[in-house]
Amino acid sequence: MQMNLNLNHMPPLPAKRDYRIGVIGAGFVVRDVQLPAYREAGFNVVAIASRNAAKAQEVAALRGISKAYSTIEDLMQDASIEVLDIAVPPHVQPEIIRKAARHKHLRGILAQKPLAMSYGEARSAVEACESAGIRLAVNQNMRYDQSMRSLKTLLERGLLGEPVLATLEMRAIPHWQSWLQAYDRLTLMAMSIHHLDCFRFLFGDPESVYVSARTDPRTKFPHRDGIVLYILEYASGLRAAGWDDVWAGPAREGAAADIYIKWRVEGTEGLAQGTIGWPAYPARVPSTLSFTIRQQPACWFSPQWPEVWFPDAFQGTMGELLSSLNEQREPVISGRDNLRTMALLDACYASLEQRRAIRLDPSKGEIE
């Protein structure tokens, strides 16, 4: 059997890349991840604005953006801008999206994840864009991690057979952004949402989810979900589980560090496993994938690539939105699809509060 190791680890760039993009937000991810990725892809960022006008001017100068607006409202009123990239905290994002939807010159919006603080708020933003005829995409960028895309290709080709068990284990210490301190939600909302959305990307919507969590000894501000364990149950019998350990041992308190993210998918016809390179950022460490299948016994395949999640995957999210505009279709990472990720996130918090498995309605993507 000739093995095709072209696993589509990077998405094709859109045929038309010169849409005029305005960016709302000037934080670390915009400055050091999204904007460098866009420049490398040839996307046309023409303006930036932030709640902090000086910060927007600083990022504009650093990244060669021609216009820094004093206010977000001024940027949205620029009729030459076709696409908005919104990268702000979730408690303010839905209102900004609803305001943007009133501007008829806008054709597309890429919003940050989580889309909102709750399913209901997220739905209001999605419906506002749908009513205005604006394509809304959500920056679920882990879907564009190279190992996740390659794993998706293996599953679509049927090389692993029917998925039986999928696991993802994170032992990493995040940098918690300051605005998270005002919330009662932490790891599930800020970190696990990547993994929950990727389980949906790979396997579809689960029937139910069970979550257990404790606080993180290192994180000093109040929170309820620090170290988080969760199990997703699928109608097929598949079980998908995540361990999101943001403590990872006393690595910052004097012990040796053992930091990693690794994943594994076992199917009836094969096994795939790999690592996520993100914890090494800013070092460029590619994610990895190795797989073995029954059709070629005792043989492992380990394709490699030079690209990394941060920043290269961010070409994929904006690129998907621009491709959807070119092709007049909904983005794969559409706001409507992301409501199912938001419902799963809400179900996780409901499970944590009620100490039981929470069922989801697969037809609606909502908690039953």
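So which residues in region 156-168 are in contact with a strand residue (DSSP E or B) (Cβ under 8 Å, 6 or more places away or on another chain) and surrounded by fewer than 19 Cβ atoms within 10 Å (Cβ to Cβ), if there are any at all?
Within region 156-168, G161, E162, V164, L165, T167 meet the criteria.
So which of S124, S150 is touching a Leu at 6+ places or on another chain (Cβ under 6 Å) and small (G, A, S)?
Exactly one of S124, S150 is touching a Leu at 6+ places or on another chain (Cβ under 6 Å) and small (G, A, S), namely S150.
Do we find a residue being in contact with a strand residue (DSSP E or B) (Cβ under 7 Å, 6 or more places away or on another chain), in contact (Cβ under 8 Å) with a residue 12 or more places away in the chain and under 17 Å from M191 (Cβ atoms) anywhere in region 288-311?
The answer is no; no qualifying residue exists.
Check G249, G237, G254 and return the single one that is without any contact (Cβ under 8 Å) to a residue 12 or more places away in the chain, at positive phi and either crowded, with 18+ Cβ neighbours inside 10 Å or more than 19 Å from the chain's Cα centre (by Cα) (or both).
G254
Restricted to region 61-83, and to residues that are within 25 Å of the chain's Cα centre (by Cα) and in a helix (DSSP H, G or I), which residue is nearest to H105 (Cα to Cα)?
M76
Filter region 232-257 down to residues that are part of a loop (DSSP other than H, G, I, E, B) and either closer than 24 Å to A190 by Cβ or outside the structural domain of D197 (by TED's automatic domain parsing) (or both), then give me how many there are.
9
Given the criterion among the aliphatic types (A, V, I, L, M), within 20 Å of the chain's Cα centre (by Cα) and not in a helix (DSSP H, G or I), identify the matching residue among L110, L106.
Going through L110, L106 in turn, the sole match is L110.
Of the conditions (1) assigned to a helix (DSSP H, G or I); (2) more than 24 Å from Y183 (Cβ to Cβ); (3) among the charged types (D, E, K, R), E95 satisfies every one except a single condition; which number is it?
(2)
The values are calculated or read from the model by the stated rules, or taken from the named source; none is laboratory data. Computed from a predicted model, the values in this text were never measured in an experiment. FYI the Cβ positions are ideal-geometry reconstructions off the backbone, even for glycines, and counts take in every protein chain you see.
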